1. Please specify each residue of segment 163-199 satisfying the condition of being basic (Lys, Arg) and either assigned by TED's automatic domain parsing to the domain that holds residue 91 or touching a residue at least 60 places away in the same chain (Cβ under 8 Å) (or both).
2. Just to be sure before I move on: is residue 301 of a type outside the set (D, E, K, R), over 15 Å from residue 268 (Cα atoms) and out of contact with any helix residue (DSSP H, G or I) (no Cβ under 9 Å at 6 or more places or on another chain) in the structure I sent?
3. Here are some conditions: (1) in a strand (DSSP E or B); (2) crowded, with 23+ Cβ neighbours inside 10 Å. Residue 190 meets all but one. Which one does it not meet?
4. Residue pairs, Cβ under 7 Å, 6 or more apart or interchain, first in segment 264-276 and of a type in the set (D, E, K, R), second assigned to a helix (DSSP H, G or I). List them.
5. For residues in segment 26-50 being within 20 Å of the chain's Cα centre (by Cα) and crowded, with 18+ Cβ neighbours inside 10 Å, which is farthest from residue 338 (Cα to Cα)?
6. Among the residues of segment 1-42 satisfying the criterion of being of a type in the set (Lys, Arg) and outside any strand (DSSP E or B), which is modelled with the lowest pLDDT?
7. Which members of segment 80-99 meet the condition of being of a type outside the set (A, V, I, L, M, F, W, C) and at pLDDT 95 or above?
8. Quick one: count up the residues across segment 288-319 that are modelled with pLDDT under 75 and either buried (at least 22 other Cβ atoms within 10 Å of the Cβ) or not charged (D, E, K, R) (or both).
Amino acid sequence: MSAKDEIVEQVHDKDVEFIRLWFTDLNGILKSFAITNEELENALDRGMGFDGSSITGFQDIEESDMIAMPDPETFTLLPWRPQEKSVARMICDILRPNGQPYEGDPRYVLKRAIKKMTNMGFDHFYVGPELEYFYFKSHQKAIPLDNGGYFDLTPRDLASNLRRDTVLALKKIGIKVEYSHHEAAVSQHEIDMRYDDALKMADNMVTYRLTVKEIATMHGVYATFMPKPLNNEYGSGMHTHQSLFKKDKNVFFDCDDPYNLSEHARAYLGGILKYSKEITSILNPWINSYKRLIPGYEAPVYIAWSRSNRSALVRVPHYQPGREEATRIEVRCPDPSGNPYLQLAVMLMAGLSGIKEKCEVPDPMELNLYGLSEEERVMKGILTLPSTLQEAIKYSEESELMMETLGPHSFERFITLKKAECDEFNRQVTDYEIKKYYPLL
């Protein structure tokens with residue numbers, strides 16, 4: 001039985017009335033429209049047309065016709081919708097009217113990066129992102145639900161049932177969950193998905209974010225993946241574990257290396273460090289992202305690597321004997337607000353470039369980098385990530401790696417969008433300025 005026939009049969013057997021077709025815009029915001037079950041076969045055969053000029057970062061108005069082609073592998077029921085006349089979803093690839101992939105589709109950007117990986121002889125790019133988020137009492141104001149901290153339980157953690165219901169919903173969708181817990185900031189939480197191939201994981205990340213929000217709404221609260229919603233609290237990060245495999249062999253592992261890192265792993269790590277400034281605008285894509293990337297709040301700002309030191313940009317978790325497949329690097333600067341397809345694509349391409357260029361890595365920095373003076377960091381050759389979106393865009397705009405990864409179409413649109421965001425922000429007079437300067441000047 002073909003994938004199409006299996007889906008049609010499931011729709012009939014499970015009384016599915018509507019199928020939502022999902023894709024993301026350039027910023028990573030989920031877009032969706034629904035078709036009825038009568039249109040399903042047509043959608044699977046030919047895709048569904050829509051106006052691409054209305055999607056942020058997509059087409060211009062004079063070339064706006066686009067096709068959303070559902071990927072049969074992504075069919076699943078949405079557990080928060082009614083069980084009678086239920087609702088399913090499929091994630092789409094975006095095509096031009098002639099059936100060719102649309103170069104501005106973020107999912108296609110990741111597929112291109114994965115293709116380059118396979119051309120280099122690797123079979124899998126496994127990723128395990130840790131997306132943190134906050135629960136608040138309403139969408140109108142950021143009022144925390146609790147005063148809990150890292151790994152706290154009731155009564156300090158009042159969201160145990162929220163996380164429980166979210167994990168159950170994710171499992172029904174087919175997303176494997178490893179664990180969940182309260183995070184370090186008040187009302188901050190984390191549910192960790194089990195690692196998977198990059199394309200499937202990017203689809204899961206998009207689904208995860210919506211699931212968290214939907215279950216929160218059912219409980220009468222609001223969930224946000226905004227990187228830094230509260231003053232003087234930790235922000236939400238997305239530490240991303242990653243490794244390359246050839247078939248079932250982890251090519252990052254070397255039993256003879258003191259850190260158990262192979263030459264491929266060291267070169268990949270070197271590529272991440274080398275290109276980190278250039279890809280920061282994708283990994284941390286909003287004005288607010290840089291309120292998180294400041295010293296003292298566990299977010300890494302220093303371009304270095306270590307084994308145990310969480311103040312470094314990249315961490316190499318300790319090797320556990322007998323678990324060669326778990327050898328990996330952890331990139332700690334991304335936040336969960338960006339476009340998952342683009343975020344995974346730029347990290348992969350930075351690492352692959354490191355392998356191509358045989359990048360060398362400096363010695364690991366196992367000391368607390370936050371405790372060093374600026375002079376000491378300069379002496380050790382430790383650089384810092386961009387401190388604002390405006391600075392990050394300057395590095396990205398001059399980056400050949402970013403141009404190659406995104407492609408000219410998305411690259412130009414992304415830079416234009418982010419410059420406009422910076423200009424808009426710079427025109428604002430903030431509450432901070434009014435409170436500080438108005439009574440003084």
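1. Applying the first criterion (basic (Lys, Arg)) to segment 163-199 yields 163-164, 171-172, 176, 194.
Correct list: 172, 194.
2. Values: of a type outside the set (D, E, K, R): yes; over 15 Å from residue 268 (Cα atoms): yes; out of contact with any helix residue (DSSP H, G or I) (no Cβ under 9 Å at 6 or more places or on another chain): no.
For residue 301, the condition - of a type outside the set (D, E, K, R), over 15 Å from residue 268 (Cα atoms) and out of contact with any helix residue (DSSP H, G or I) (no Cβ under 9 Å at 6 or more places or on another chain) - is not met.
3. (2)
4. 274/354
5. Ranking the qualifying residues of segment 26-50, first place goes to 26.
6. In the first step, residues of segment 1-42 are kept if they are of a type in the set (Lys, Arg); the result is 4, 14, 20, 31.
Filter once more, so that each one left must be outside any strand (DSSP E or B): 4, 14.
Details: 4: 79, 14: 89.
Within segment 1-42, the match that is modelled with the lowest pLDDT is 4.
7. Step one: of segment 80-99, the residues of a type outside the set (A, V, I, L, M, F, W, C) are 81-86, 89, 93, 96-99.
Scanning segment 80-99 gives 89, 93.
8. Restricting attention to segment 288-319, the residues satisfying the condition of being modelled with pLDDT under 75 are 296-298, 308-310, 319.
Restricting the remaining residues to those that are either buried (at least 22 other Cβ atoms within 10 Å of the Cβ) or not charged (D, E, K, R) (or both) gives 296-297, 308-309, 319.
Of the residues in that region, 5 qualify.
The values are calculated or read from the model by the stated rules, or taken from the named source; none is laboratory data. What you are looking at is a predicted structure, and each value in this text was computed from that prediction instead of being measured. Positions of Cβ are backbone-derived with ideal geometry, glycine not excepted, and every protein chain shown enters the neighbour counts.
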